[in-house]
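**Q** Here it is, the structure, as structure tokens.
The values are calculated or read from the model by the stated rules, or taken from the named source; none is laboratory data. This structure is a prediction, so every number in the text was calculated from the model and none was measured. Virtual Cβ from ideal backbone geometry, glycine too; neighbours counted across all protein chains shown. We work out accessible area using only protein heavy atoms, side chains counted, and drop any ligands, DNA or RNA first. Shrake-Rupley method; radii C 1.70, N 1.55, O 1.52, S 1.80 Å.
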There are 2 protein chains.
Amino acid sequence: MRATVIHAPHDIRVEEVRDPTLSTGADAIVRVVAACVCGSDLWPYRGVTATHEPHRIGHEFVGVVDAIGPDVHQVAVGDFVIAPFYVCDNTCANCRNGVSTSCLKGGWWGGDDKVGGFADGGQGERVRVPLADGTLVVVPGPVSDDEIPGLLTLSDVMGTGHHAALSAGVGVGDSVVVVGDGAVGLCAIIAAKRLGATMIIAMSRHPQRQALAREFGATHIVEERGDAGIASVRELTGGIGADRVLECVGTKESMDQALRSTRPGGMVGYVGVPNGGPELPIRQMFNRNVGVNGGVAPVRGYIEELLPDVRSGAIKPGLVFDLVLPLGEAAEAYAAMDERRATKVLLRP
Amino acid sequence: MRATVIHAPHDIRVEEVRDPTLSTGADAIVRVVAACVCGSDLWPYRGVTATHEPHRIGHEFVGVVDAIGPDVHQVAVGDFVIAPFYVCDNTCANCRNGVSTSCLKGGWWGGDDKVGGFADGGQGERVRVPLADGTLVVVPGPVSDDEIPGLLTLSDVMGTGHHAALSAGVGVGDSVVVVGDGAVGLCAIIAAKRLGATMIIAMSRHPQRQALAREFGATHIVEERGDAGIASVRELTGGIGADRVLECVGTKESMDQALRSTRPGGMVGYVGVPNGGPELPIRQMFNRNVGVNGGVAPVRGYIEELLPDVRSGAIKPGLVFDLVLPLGEAAEAYAAMDERRATKVLLRP
């Protein structure tokens, strides 16, 4: 089959690779219907994290079950399934605590899983899914083509935006700032509105993303960054800052923006992958009672909750995809996102 | 009148100072009945923070109102009052949000307040209390001498322990680790039990404090620190760590202990004054979804809630005082706490 391989920064290729096979009784093989490129895929693409040797890449996909092992009971051949961006058994202590990204048996796509060896990355034609009963979520009934983008966001970005909002404790009537206008930031706007926030301030300089932010529920746009951005947020929030701030980037600058935009006693919910840092300034947090909560989002646990709203059209996270390409053009997909010509690219095998 | 002055590290003196007077219409003058030495007073005492010139010290006291300005309506001459360790108006946006330590008009004892100039420190005979209606809480009815220690803890340590537990989100059935066996850590044990924690692990090497920890509700004691301490906590908590960890020290080592003792998805509530650092390791927090929440405790807002339990004897935080000295022996009070001969010293003017 064909799958995407990163060889070096800016060197993405679609190559012939070995077909996946059932390796354990708990595996499924999923034929990928749609995959996508994640903002975090851009770290190795840009060379910010090292690529020591060519390896498979990708971790977001939906598809149809082609085969299952004898120990799989929750998923059947022919089911349309959503895969979260990681593998989990959904039964261990951490999964039961709602933190399936810390599953005691879990693992990651595109690497050597703890259970059964290598698991494919998703930006390819087929994937071996370890712990299929725990990992996959079945989408009942017929799935129309129009639904694919929305369903695919439940693999990562919509659940990750939701995690930012939950981690920050967004509730009814809150004022919320969203730092980051990528796909996760845009989904965080959806999540904040869905949880009852009444003022949602999107920090964005990009006209198309601003428009989508407003469509998703942003009530205000702040274009400035740094001190000027913080001054604008404070002006909108009675001089004290926002109740909740969702940090969806992962840089030192974005976290600083988030911390200083939060009112005393407020909370930053963060899901931006912190790329090598930053360390958090505890004294600044302490003096103002600003908390920081979040991390790698346990989206598996959110799929069932969010799925009805996606299918009903109550929320439309699928709109974050502004470019669709065939799998063979994965290199162009990465380039378009890297150059911010696209917010998020959907790949069809 | 007499009051405590710090001249330099290890140089605490009780000196004649000017009597306080009403400076604004919203002031009260309080005759101090009892004051105490705080763990954070030991930072300048030990020279960890600099003392550039002699200055008044102290910020925890209870007493009786001697005089009030014409704009004071909630407090009357003769009332027994508890003062939190800071000044606040209890009406501004931050106070209404429960973060009175960030009061827009507030200030600190022993320095130049925003309202009316210098405010005395509390380790003295009398104090000018700015914003008396917002700052002071009246204890109704006659107050017996036996009640003084318990009431005095509401000025800081009991409310601060409570803030650690609230910030960490302690709830019914939780497992909780308390890092720090000083007065705040011991009060955090009381708070965790009061909020429904069923497993409370106190990290302490000090036999008398261990005994008090058990009396307050600790179910387990861990004496080890570092990796060994974390291994012990994990062994007690099913291998994953505690739901909630209360950091009541404020050093790099204690925060590291706290972060690594927390289970994935858990929360550290911290109230230890971070002394010059540490910066928080965000990548470690991110990977395990461990949040950090807390800060300088808004104890003013907790006094009314905790007062009935203190007066009824349902909780006995006054037991943290293991030495009572006359004001004139303030130097010995500091030495006893510095040398860990006393957990917390009560001073009687």
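**Q** Name every residue in the range A:132-179 that is touching a Lys or Arg at 6+ places or on another chain (Cβ under 6 Å) and either open to solvent by less than 10 Å² (accessible area, probe 1.4 Å) or modelled with pLDDT under 95 (or both), in order of residue number.
**A** A:A168, A:V176
**Q** In addition: Would you confirm whether any residue within the range A:324-346 is in contact with an Asp or Glu (Cβ under 7 Å, 6 or more places away or on another chain), within 14 Å of chain B (Cβ to nearest Cβ) and under 28 Å from A:S232 (Cα atoms)?
**A** no
**Q** Restricting to the range A:28-77, name every residue that is out of contact with any strand residue (DSSP E or B) (no Cβ under 6 Å at 6 or more places or on another chain), acidic (D, E) and within 28 Å of A:G272 (Cα to Cα).
**A** A:D41, A:E53
**Q** Mind listing just one residue for me: the one in the range A:195-215 that is touching a residue at least 60 places away in the same chain (Cβ under 8 Å) and in a helix (DSSP H, G or I) and, of those, surrounded by the most Cβ atoms within 10 Å (Cβ to Cβ)?
**A** The selected residue is A:R209.
**Q** So for the range A:134-146 (the condition being closer than 23 Å to A:G318 by Cβ and of a type in the set (S, T, Y)), does at least one residue qualify? So that I can check it myself, show each step before the final result.
**A** Going residue by residue through the range A:134-146, those that are closer than 23 Å to A:G318 by Cβ are A:135-146.
This time we only want the ones that are of a type in the set (S, T, Y), so: A:135, A:144.
Looking through the range A:134-146, at least one residue is closer than 23 Å to A:G318 by Cβ and of a type in the set (S, T, Y).
**Q** Working only within the range B:291-323, note down all residues that are touching a Lys or Arg at 6+ places or on another chain (Cβ under 8 Å) and facing another protein chain (nearest Cβ under 7 Å).
**A** B:G295
**Q** Quick one: which strands (runs of 3 or more DSSP E) sit completely within the range A:83-194 and have at least 1 residues that are under 18 Å from A:V65 (Cβ atoms)?
**A** So the answer is A:126-129, A:137-139.
**Q** Would you pick out the residues in the range A:83-94 that are surrounded by 24 or more Cβ atoms within 10 Å (Cβ to Cβ) and either within 11 Å of chain B (Cβ to nearest Cβ) or farther than 21 Å from A:V72 by Cα (or both)?
**A** A:N94
**Q** Related question: Exactly one of (1) within 11 Å of another protein chain (Cβ to nearest Cβ); (2) within 23 Å of A:G159 (Cα to Cα); (3) of a type in the set (K, R) is unmet by A:R244. Its number?
**A** (1)
**Q** Just give me the residues in the range B:43-82 being closer than 19 Å to B:P9 by Cβ, assigned to a strand (DSSP E or B) and open to solvent by 40 Å² or more (accessible area, probe 1.4 Å), in sequence order.
**A** If the condition is that a residue be closer than 19 Å to B:P9 by Cβ, assigned to a strand (DSSP E or B) and open to solvent by 40 Å² or more (accessible area, probe 1.4 Å), then B:H55 is the only one that fits.
**Q** Hey, could you check the range B:95-104 for residues that are surrounded by 19 or more Cβ atoms within 10 Å (Cβ to Cβ) and under 15 Å from A:V290 (Cβ atoms) and say which is farthest from the other protein chains (Cβ to nearest Cβ)?
**A** Here is the first cut: in the range B:95-104, the ones surrounded by 19 or more Cβ atoms within 10 Å (Cβ to Cβ) are B:95, B:99-103.
Now narrow it down to the ones that are under 15 Å from A:V290 (Cβ atoms): B:99, B:101-102.
Numbers: B:V99: 4, B:T101: 7, B:S102: 4 Å.
Step by step, filter the range B:95-104, then rank; the result is B:T101.
**Q** With the checklist (1) more than 14 Å from chain A (Cβ to nearest Cβ); (2) under 30 Å from B:R341 (Cβ atoms) in hand, flag the one item B:T198 doesn't pass.
**A** (2)
**Q** Shifting gears a bit: Among the strands (runs of 3 or more DSSP E) lying completely within the range A:224-333, list those that include at least 2 residues that are among the hydrophobic types (A, V, I, L, M, F, W, C), within 25 Å of the chain's Cα centre (by Cα) and surrounded by 17 or more Cβ atoms within 10 Å (Cβ to Cβ).
**A** Details: elements: A:242-247, A:262-270, A:279-281, A:291-294, A:323-326.
Output list reads A:242-247, A:262-270, A:323-326.
**Q** If the requirement is being within 14 Å of chain A (Cβ to nearest Cβ) and more than 24 Å from B:F321 (Cα to Cα), which of these qualifies: B:P274, B:P278?
**A** Working: B:P274 fails: more than 24 Å from B:F321 (Cα to Cα).
From the options B:P274, B:P278, the qualifying one is B:P278.
**Q** What's the total number of residues in the range A:1-38 that are surrounded by fewer than 23 Cβ atoms within 10 Å (Cβ to Cβ) and small (G, A, S)?
**A** Final tally of qualifying residues: 4.
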